[in-house]
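Everything below concerns the one structure shown next.
Rule-based calculations on the coordinates, nothing more; no lab input. As the structure is a computational prediction, the values presented were derived from the model and not from experiment. Backbone-built Cβ (ideal geometry, glycine too); neighbour counts: all protein chains shown.
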Amino acid sequence: MTLVRLALSFIARRPAVWLLQVAMLAFGVWLVASLVLLERGIERRFAHDMAGVDLIVGAKGSPLQIVLSSLFAMDTPTGNIPLEQAQAIARNPLVAQAVPVSIGDNVGGFRIVGTTPAYADLYHAHLAHGRWWVKPLEAVAGATAARRLHLSVGDQFVGQHGLSGGEAHSATPFRVVGVLQPSGSIVDRLVLTDTSSVWKVHEGEDADAGAIPGLVAARHGREVTALLVKYRSAMGAVVLPQVVTAKPDLQAASPAVEVRRIARALGVGAEVLRWIAIALLLLAAGGFVVNLWVAIDQRRPELALLRVLGASRLRLVSLISLEAAILGLVGSVLGLALARLLMAGLESVAEQYGAEFALPPLGITEVLILSAGVILAVLAGLPAAILAGYIDPARELGRA
Amino acid sequence: MEAQANINADGSEPCALAVDGLVAGYAGRPVARLDRLRIGNGEAGLLLGPSGSGKTTLLLAMAGLAERISGNVLVAGVAPYSLSRHALDRFRGQTIGFVFQNVHLVAGLTLLQNVLLAAFATGVRQDPARARELIERLGVGAAADQRAEKLSRGQAQRAAIARALLLRPRLILADEPTSSLDDTACAAVAEVLRRSAHEEGAALLIATHDHRLRPHFSTIATVGTPT
């Protein structure tokens, strides 16, 4: 006979009530956990894809658009910037590293990015097979892109104009010379090539041929879409954006700032869900208060018996608190498991739509949510526990 | 333990129960009175009174669970109400065994678990071998692992007796153990209680309105009304 066993036998006596109660708590916990996991998953995704880039230099336009297009492979670029200007920025002593990106074509929906191998280094993406490109029209495919497109080293493919679908550049086929290992970042979903490949593909094209801005290399001189910049020191954060903005064609965009803006926009919806979750948890707690109270009230004679048999008040209070804690634990574990399951499902669905997000590993947050669920249940059971402590054996058994 | 430390001035063990002028009640309201009762160690006595006369209140007051408004009670030489709250809980658990009229067992637990509940509630070591032995002796050994709600009334009552005896108490207080039983069953229950209490060396006090029990007992006290 143990306290746990006794508490379990009390719970087992009203399975339907406690099933509902636990389900309610589980849903509350589930919603809270899902929100936290989703937020952290998105944050991780963004943080991962930001890859320590401090500043992006793009063509004049929306900074958000520049960040989305050049870092996260979403949205179209604002246009292109002249190569000389990009090089001038890269030579600035405050710049530790500058990686060019040129966007404009895709293969089977996966963006072709003209850049340097340093781009893959930003994401710690390493070659799985083959080698890096040494001349134009050689390409290295990201892990996901290679898998989906069935590309392996030696294969040829033709880029299509635009960021999905589009007219084929049949005259300038690419050859796959390398495939990357999965890195869990955006690189997995890209096909990388040399910047000059993009120029070569669009050589001789009319500037008006593309309907989407920035897709076409201008006739007058070489261009890149954006320049990913890492600062050499904190000074860079102060000076470089001003240097960039001073140029008439250039726009500076800070990934950190833009991501924060997105997060804030998403936050409104999350806020509503958060209140629903809190309401659910409060309802569950209310249910605990009432149902435990009713249960204790029905159990008065037995609890009185325990007192007569020598149990102290504290023992009864602990018994009821333990009962509440067990229910809270079951509800929270169930809720957390549901949340994980849902997120794992969401992860695979999101991946199919190209919006992968990174599910964080089990961690301190889960432990916190679990403890919060148990504490909530114990607090909700406190009135009943105190009621049990104050049961007067004489009054209960004297009536018999 | 303070309960065991009590020895009379002449070195003999104090008697299991000594009651003098006890007025018991709830919240300062007197309910029943018991002028004088002595039950020696291992002896048995009867507390007679009609239904609603306050027998249960008197029993509970002897165990420190109902209020002692006036008078004196010594259980194994100890005045329960002189103990601290915690010490009283322990004292009650270890020195007094209760058998109630209706509330016998905790549903959801097996018969054996219900017997062990006495040790669990008091917080002392649980001895399943002793519990089984008691259950066997009371003739419900076969039902030891059945759930309480599956037991017959008689089985449940025997389990309750086993539980009352588990910790080798000095005194068993039984509240209306024979009401609503036919004559044969009544005599049988009284006999089981007496015999098992005697075997365990515990004194026995049965509170009842059941006059059929009278012939079985020599020590008989009657519940009085408080003045």
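At 20 °C and a viscosity of 1.002 mPa s, what translational diffusion coefficient does Stokes-Einstein give for chain B, taking Rh as the Kirkwood radius over Cα pairs? Give it in µm²/s as a whole number. Estimated diffusion coefficient is 121 µm²/s.
Amide H contacts of B:V31 (H built 1.01 Å from N, in plane; Pro and chain starts excluded): B:A24, B:G25, B:Y26 sit under 5 Å, all sequence-distant by 5 or more or on other chains. Less than 5 angstrom separates the built amide H of B:F98 from those of B:L173, all sequence-distant by 5 or more or on a different chain. Of the residues B:A129, B:I172, A:A246, the one whose Cα sits farthest toward the positive end of the charge dipole of the protein assembly as shown, with +1 on the Cβ of Lys and Arg and -1 on the Cβ of Asp and Glu, is B:I172.
So if I place +1 on the C-beta of Lys and Arg and -1 on the C-beta of Asp and Glu, and nothing else carries charge, what would the dipole magnitude of the stretch A:55-253 be about its Cα centre? I want it in debye, nearest 20. Write out the running numbers ahead of the final one.
Numbers: 15 positive and 15 negative charges, 109 e Å.
Around 520 debye, computed over the stretch A:55-253.
Farthest towards the positive end of the charge dipole of the protein assembly as shown, among the residues A:G61, A:V140, B:Q146, is the Cα of B:Q146, using unit charges on the Cβ of Lys, Arg, Asp and Glu. Using θ = phi - 60° in the Karplus curve 6.51 cos²θ - 1.76 cosθ + 1.60, the 3J(HN,Hα) couplings for the stretch A:159-174 round to x, 10, 6, x, 9, 7, x, x, 5, 7, 8, 5, 6, 10, x, 8 Hz; x is entered for Gly and Pro. Panel note: the C-alpha atoms of the stretch B:146-190, placed on their principal axes, show extents of 30, 25, 14 Å (largest first). Ordered by the number of other Cβ atoms lying within 10 Å of each residue's own Cβ, fewest first, A:I326, A:I103 fall into the sequence A:I326, A:I103. Over the protein assembly as shown, the ratio between the Cα radius of gyration and 2.2 N^0.38 Å evaluates to 1.62.
With respect to chain A, whose longest principal axis is taken over its alpha-carbon atoms, helix A:255-298 is tilted by about 10°.
With neighbour counts taken as other beta-carbon atoms within 10 Å, the residues A:L387, A:L25 rank, fewest first, as A:L387, A:L25.
Which residue, A:H202, A:P100, A:F174, has the largest displacement toward the positive end of the dipole of the stretch A:55-253 when charges sit on each Cβ (Lys, Arg +1; Asp, Glu -1)? Of the options given, the answer is A:P100.
Span-like helices, chain B: DSSP H, alpha-carbon axial extent 20 Å or more, mean Kyte-Doolittle 1.0 or greater, which ones? In chain B, no H run is both long and hydrophobic enough.
Computed from Cα positions, the angle between helix A:3-12 and the longest principal axis of chain A comes to roughly 80 degrees. When you filter the trypsin sites (Lys or Arg not before Pro) in the stretch A:1-63 for DSSP loop state and at most 15 other Cβ atoms inside 10 Å of their Cβ, you are left with A:K60.
How large is the charge dipole for chain B, taken about the Cα centre, if only the Cβ atoms of Lys, Arg (+1) and Asp, Glu (-1) carry charge, to the nearest 20 debye? Working shown, then result.
Numbers: 24 positive and 21 negative charges, 63 e Å.
Its charge dipole is roughly 300 debye.
If you put +1 on each Lys and Arg Cβ and -1 on each Asp and Glu Cβ, how big is the dipole of the protein assembly as shown around its Cα centre, in Debye rounded to 20? Before the final figure, lay out each step's value.
On the way: 57 positive and 51 negative charges, 332 e Å.
Charge dipole, the protein assembly as shown, about its Cα centre: 1600 debye, nearest 20.
Put in order of Cβ neighbour count within 10 Å, fewest first, the listed residues A:M235, A:M50, A:M74, B:M62 become A:M235, A:M74, A:M50, B:M62.
For A:V224, the residues 5 or more places off, or on other chains, whose built amide H falls under 5 Å of its own are A:I81, A:L83. For the stretch A:1-106, the Kirkwood hydrodynamic radius from C-alpha pairs, put into Stokes-Einstein at 10 °C and a viscosity of 1.306 mPa s, yields a diffusion coefficient of 84 µm² per second. Axis of helix A:234-246 versus longest Cα principal axis of chain A: the two differ by about 50°, to the nearest ten degrees.
Out of all DSSP beta bridges in chain A, what portion is antiparallel? Express it as a percent rounded to 5. Spell out each step's value before the answer.
Details: 32 of 41 bridges.
So the antiparallel bridges amount to about 80 percent of the total.
Using only the C-alpha atoms, the convex hull of the stretch A:55-253 corresponds to 109 Å³ per residue. Note that the stretch B:107-168, at 10 °C in a medium of 1.306 mPa s, gets a Stokes-Einstein diffusion coefficient of 144 µm²/s from its Kirkwood radius over C-alpha pairs. Among the lysines of chain A, pairs at least eight places apart or on separate chains and with Cα atoms under 24 Å apart come to 4.
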